[in-house]
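K.L.:
My questions will all concern the structure given below.
The values are calculated or read from the model by the stated rules, or taken from the named source; none is laboratory data. Computed from a predicted structure; not experimentally measured. In this analysis, Cβ positions are derived from the backbone assuming ideal geometry, glycine residues included, and neighbour counts consider all displayed protein chains.
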Amino acid sequence: MEVTSTETRAVLSADKPVKLFASSDERFRAAVDSPVQGDAPADWLSRPGTEFRLLNYAFGASGSGEVYVSRSMGSVLDNVNRWLKQFEQKDLDQVEVDALEKVSMLGGQAVWVQAEGSYASGMGKPTVEGFALAGTIAQVGADIYTVKMVGPKDEVTAERVKLAAFVKSLRMAE
Amino acid sequence: MVEETNQDSSAAMQRRKSLPSLVFHFLAGFPLATVLMLILLLQTWLATLEQVDYGLHATLRKYFDPQAFYIIGELRLPEEIGGLALKIPMPGGYYVLGLFFINLLLGGIVRARKGWNKVGNLISHAGILLMILSAAVTERTEKRGTMDFFEGETSNTAQDYYEYVVEVSEHTNGAPKEVHVIRGNYLADLRGESAPVRKVLLPSLPFDMEFTRYAPNGRVMSVSEMAPPAGTPVLDGYYIFDRPTNKATEIDVAACYAKISPRDASSIPSFILSGDVFQPHTVKVGERTFTFHMRKLLWPMPFSVKLDKATAEYYPNSTKPKKFESIVTRLENGSEAKVEIKMNEPMRYEGLTFYQRMMGRENAQLADSRPYSQLEVVKNPADQWPFYSLWVVTVGLLVHLLIKFYVFVVRINKKRANQPQR
């Protein structure tokens, strides 16, 4: 299982300056601030953002409820159906998505998505029963922004009003 | 009785044919051509259906890769009739095309009847041969990558679409001097929990490296975000979560576990390499400082390209591009040339083709943020051959049609001339 490598290349324009001796956190976590800001309820626990979560919160007594703001790919329709699929629900077509409730978000209109049942996040986590989803998906310029709340059904139901207020408070960072 | 005699005679003729002659007639024959074209038709159809589920790149590799000597095509029946997936074994498309090339060369050129009235046929067959040849040359030599830059930036680099490599650089005075490249083919087979460890000897460096558990689409996760699956190595609070690959494999992000073995026998902790990091890993070996970086293979261009202006227009209320245009300056040996690169209007220069691929802004929400452009860079000597081959086939068919028409007219005139005058 030994091989020898002697290939080299010259330094190119793509070789940008780097930070030497960066820690694992500096290497693997985004150091940039989120482009989105919002006023989260006081009882939501703020968590560090991740590569895919611009804003990240935990809520509820069970400790398994979470809310996060992401920038996503695809269309609003794609994202609605991706979420519904996580709850084993059938895909919607464009007409059905257009008929969903609308809320204001980041200067545009977002669709409000709800689902409940078995939740399979697809991130290697096991499927959990009795979960619910509430969230919004909006096309803002060329990007798709999502706010997703998932957790035990009772806890999500109890937090929906706060979630709506949080979505309304979202704004682009200066 | 007469029939028996004919059969005997035919058998005798067959016996008289030498083995090379039989092979030639088999390879040049219509039966083989028919079978090969049917297989190609089936493969094209199945690959078109399969790429919806598995992605274009993966499907093309499955059906037409030179390493695929045989393939199992998959045909999924509609749900209404059971939704069964039929498995259809067949030879690899690369070799079917190769055999078809030989068949057409022998049957359509070498053995074909020659003559002035067959010129069109021969030209058309030559055009199809050129088309198949271009596919083989493309398979063997083509390189594809992207060049990304913001307005005002200059680039002399293309980044490969698919291949992740490990780069090792020694830093003196804070900057790298030269970059050692460990190619992806040394890593790609180190998959899964029971992956072996591959030692890569680096003779010009004071250490060798070891790699294991390569994930073609691995995400580096913090244990604080998600508990690692049992048996997954955790290094400094992080581990590699091995995700399924995407249909569009170019968006996969590779990762692996790495270790360096200094020749002075000192011990240095293992670390994670990922294509999705903000900084490289740094290690001090003696008094020398080295960085370790996993990224897509970079290839230098023979000239530099400066992005002067990037223009993106979209259809109203959609992200569908209406117009993408990059105005660039090509810089080479002190000379400059302005070029406009638009959708379907690439820049071709020194064997490279630059297509307009993507456009965007540093911050999509701010109209005055810096625009960027992504060009697709293709190096393929056969780039234009399919285009030429279509012209050759067209000319051949046209010549054939004109000859047939001429023969028809001559025959009619002869017939009229031979008819008795009233």
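K.L.:
Look through B:Thr138, B:Thr157 and report the one residue that is closer than 18 Å to A:Leu12 by Cα, of a type outside the set (A, V, I, L, M, F, W, C) and surrounded by 16 or more Cβ atoms within 10 Å (Cβ to Cβ). Let's see the steps before the verdict.
P.N.:
Values: B:Thr138 fails: closer than 18 Å to A:Leu12 by Cα.
Only one candidate passes the filter, namely B:Thr157.
K.L.:
Just name the residue that is surrounded by the most Cβ atoms within 10 Å (Cβ to Cβ) out of those in the range B:243-266 that are within 13 Å of chain A (Cβ to nearest Cβ) and under 30 Å from B:Leu56 (Cβ atoms).
P.N.:
Across the range B:243-266, the extreme among qualifying residues is B:Ala255.
K.L.:
Let me ask something additional. Quick check on B:Ile240: is it of a type outside the set (Gly, Ala, Ser), surrounded by fewer than 16 Cβ atoms within 10 Å (Cβ to Cβ) and closer than 26 Å to B:Gly145 by Cβ? Write out each step before concluding.
P.N.:
Values: of a type outside the set (Gly, Ala, Ser): yes; surrounded by fewer than 16 Cβ atoms within 10 Å (Cβ to Cβ): no; closer than 26 Å to B:Gly145 by Cβ: yes.
No, not satisfied.
K.L.:
Would you check if B:Ile102 is closer than 30 Å to B:Leu402 by Cα, part of a helix (DSSP H, G or I) and touching a residue at least 12 places away in the same chain (Cβ under 8 Å)?
P.N.:
On the way: closer than 30 Å to B:Leu402 by Cα: yes; part of a helix (DSSP H, G or I): yes; touching a residue at least 12 places away in the same chain (Cβ under 8 Å): yes.
Yes.
One line per residue, one yes/no per condition, for (1) part of a helix (DSSP H, G or I); (2) at pLDDT 85 or above; (3) within 26 Å of B:Asp252 (Cα to Cα):
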{"residue": "B:Gln7", "(1), (2), (3)": "yes, no, no"}
{"residue": "B:Val23", "(1), (2), (3)": "yes, yes, no"}
{"residue": "B:Met37", "(1), (2), (3)": "yes, yes, no"}
{"residue": "B:Leu46", "(1), (2), (3)": "yes, yes, yes"}
{"residue": "B:Ala58", "(1), (2), (3)": "yes, no, yes"}
{"residue": "B:Glu74", "(1), (2), (3)": "no, yes, yes"}
{"residue": "B:Glu80", "(1), (2), (3)": "yes, no, no"}
{"residue": "B:Leu86", "(1), (2), (3)": "no, yes, no"}
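K.L.:
Moving on. Give the residue that is farthest from A:Gln37 (Cα to Cα), with candidates limited to residues of the range A:65-77 that are surrounded by 15 or more Cβ atoms within 10 Å (Cβ to Cβ) and out of contact with any Phe, Trp or Tyr (no Cβ under 8 Å at 6 or more places or on another chain). Lay out the reasoning, then the answer.
P.N.:
Going residue by residue through the range A:65-77, those that are surrounded by 15 or more Cβ atoms within 10 Å (Cβ to Cβ) are A:65-72, A:75-77.
Still in the running and out of contact with any Phe, Trp or Tyr (no Cβ under 8 Å at 6 or more places or on another chain): A:75-77.
Numbers: A:Ser75: 22, A:Val76: 21, A:Leu77: 25 Å.
Filtering the range A:65-77 for residues that are surrounded by 15 or more Cβ atoms within 10 Å (Cβ to Cβ) and out of contact with any Phe, Trp or Tyr (no Cβ under 8 Å at 6 or more places or on another chain), the one farthest from A:Gln37 (Cα to Cα) comes out as A:Leu77.
K.L.:
Among the residues of the range B:156-183 satisfying the criterion of being outside any strand (DSSP E or B) and modelled with pLDDT under 95, which is farthest from B:Thr212 (Cα to Cα)?
P.N.:
Here is the first cut: in the range B:156-183, the ones outside any strand (DSSP E or B) are B:173-174, B:183.
Now drop any that are not modelled with pLDDT under 95, which leaves B:173-174.
On the way: B:Asn173: 32, B:Gly174: 29 Å.
Here the answer is B:Asn173.
K.L.:
Among the numbered criteria (1) without any contact (Cβ under 8 Å) to a residue 60 or more places away in the chain; (2) crowded, with 18+ Cβ neighbours inside 10 Å; (3) within 22 Å of A:Arg171 (Cβ to Cβ), which single criterion is violated by A:Arg47?
P.N.:
Only one criterion in (1) without any contact (Cβ under 8 Å) to a residue 60 or more places away in the chain; (2) crowded, with 18+ Cβ neighbours inside 10 Å; (3) within 22 Å of A:Arg171 (Cβ to Cβ) is unmet by A:Arg47, namely (2).
K.L.:
Only one residue in B:Ala68, B:Ala112 is hydrophobic (A, V, I, L, M, F, W, C), assigned to a loop (DSSP other than H, G, I, E, B) and either over 19 Å from B:Gly55 (Cα atoms) or at pLDDT below 90 (or both), so which one is that?
P.N.:
On the way: B:Ala68 fails: either over 19 Å from B:Gly55 (Cα atoms) or at pLDDT below 90 (or both).
Testing whether each residue is hydrophobic (A, V, I, L, M, F, W, C), assigned to a loop (DSSP other than H, G, I, E, B) and either over 19 Å from B:Gly55 (Cα atoms) or at pLDDT below 90 (or both) leaves just B:Ala112.
K.L.:
Looking only at residues that are in a strand (DSSP E or B) and within 9 Å of another protein chain (Cβ to nearest Cβ) in the range B:267-282, which one is nearest to B:Gly184 (Cα to Cα)? Give the derivation first.
P.N.:
To start, the set of residues in the range B:267-282 that are in a strand (DSSP E or B) comprises B:271-274, B:281-282.
Still in the running and within 9 Å of another protein chain (Cβ to nearest Cβ): B:271-272, B:274, B:281-282.
Details: B:Phe271: 18, B:Ile272: 16, B:Ser274: 13, B:His281: 18, B:Thr282: 21 Å.
Only one residue tops the list, namely B:Ser274.
K.L.:
Please enumerate the residues belonging to the range A:140-157 that are more than 9 Å from chain B (Cβ to nearest Cβ) and surrounded by 18 or more Cβ atoms within 10 Å (Cβ to Cβ). Reasoning before the result, please.
P.N.:
If we filter the range A:140-157 for residues that are more than 9 Å from chain B (Cβ to nearest Cβ), which is where we start, we get A:144-157.
If the condition is that a residue be more than 9 Å from chain B (Cβ to nearest Cβ) and surrounded by 18 or more Cβ atoms within 10 Å (Cβ to Cβ), then A:Ile144, A:Tyr145, A:Thr146, A:Val147, A:Lys148, A:Met149, A:Val150, A:Gly151, A:Pro152, A:Glu155, A:Val156 are the ones that fit.
K.L.:
For the range B:373-385, state whether one or more residues are closer than 30 Å to B:Val119 by Cα, of a type outside the set (Phe, Trp, Tyr) and loosely packed, with under 14 Cβ neighbours inside 10 Å. Steps first, please.
P.N.:
Quick first cut of the range B:373-385, residues closer than 30 Å to B:Val119 by Cα only: B:381-385.
Narrowing the set further to residues that are of a type outside the set (Phe, Trp, Tyr) leaves B:381-384.
Pick out the ones that are also loosely packed, with under 14 Cβ neighbours inside 10 Å and you get B:381, B:384.
Yes, the range B:373-385 contains a residue that is closer than 30 Å to B:Val119 by Cα, of a type outside the set (Phe, Trp, Tyr) and loosely packed, with under 14 Cβ neighbours inside 10 Å.
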